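The values are calculated or read from the model by the stated rules, or taken from the named source; none is laboratory data. The model shown is predicted, which means the values in this text are computed figures rather than measured ones. Protein only, heavy atoms only, side chains kept; ligands, DNA and RNA dropped before computing areas. Shrake-Rupley method; radii C 1.70, N 1.55, O 1.52, S 1.80 Å.
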Amino acid sequence: MSTVKIAKSEFFGSLDAIPSKSDAHRAIICALLSRKKCTISPIIMSNDISATIGAIQALGAVCKVNGSVLNVDASVPLNDYAEINCR
């Protein structure tokens, strides 16, 4: 059995986590709700991730996918109502 000692310290920098589709949906929705420009990475495209991106685009957000990076601009005027295709 090994012993682990945890010392008090501050975290800084960035962390790469294994991509989760559930987390990606939440991150996309949070990006819309932030009303700011956001970058989500890594993102793995799938039909349901594309549907979530389509939903926030229908609401007015500007989205650009570049490889495994999704840029969301929700700082633009958003629509009060939209028809959302959930596929």
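State in Å² the accessible area per residue of the chain; use a 1.4 Å probe, count heavy atoms of protein chains only, and round to the nearest integer.
On the way: 6890 Å² over 87 residues.
Value for the chain: 79 Å² per residue.
What do you get for Rg/Rh of the chain when both radii come from the Cα atoms and Rh is the Kirkwood radius?
That ratio is 1.15, to two decimals.
If I stretch the segment between Thr3 and Lys37 completely, what's the gain in nm (0.36 nm per residue apart, minus their alpha carbon distance), one decimal?
7.9 nm
Once every DSSP H run of n ≥ 4 in the chain is given -39500 (n - 2.57) and the sum is divided by its residues, what mean residue ellipticity at 222 nm do you get, rounded to the nearest 500 deg cm²/dmol?
-9500 deg cm²/dmol
Quick check of the Kirkwood formula: for segment 15-63, what is the inverse mean of 1/r over all pairs of different Cα atoms, in Å?
Details: mean 1/r = 0.0902 Å⁻¹.
Over segment 15-63, the inverse of the mean reciprocal pair distance is 11.1 Å.
Which Rg and Dmax, in Å, describe the Cα atoms of segment 36-75?
Expressed in Å, the Cα Rg and Dmax of segment 36-75 come to 9.5, 25.
Given 0.36 nm per residue, what is the gain on full extension from Asn47 to Ser20 after removing their alpha carbon distance, in nm?
This chain segment gains 8.3 nm when fully extended.
Using only the alpha-carbon atoms, how far is helix 47-58 inclined from the longest principal axis of the chain? Give it as 0 to 90 degrees, nearest 10.
Between the helix axis and the principal axis of the chain, the angle is about 60 degrees.
Over the chain, calculate the relative contact order: mean separation of alpha carbon pairs under 8 Å at least 6 apart, over the residue count, as a percent.
29 percent
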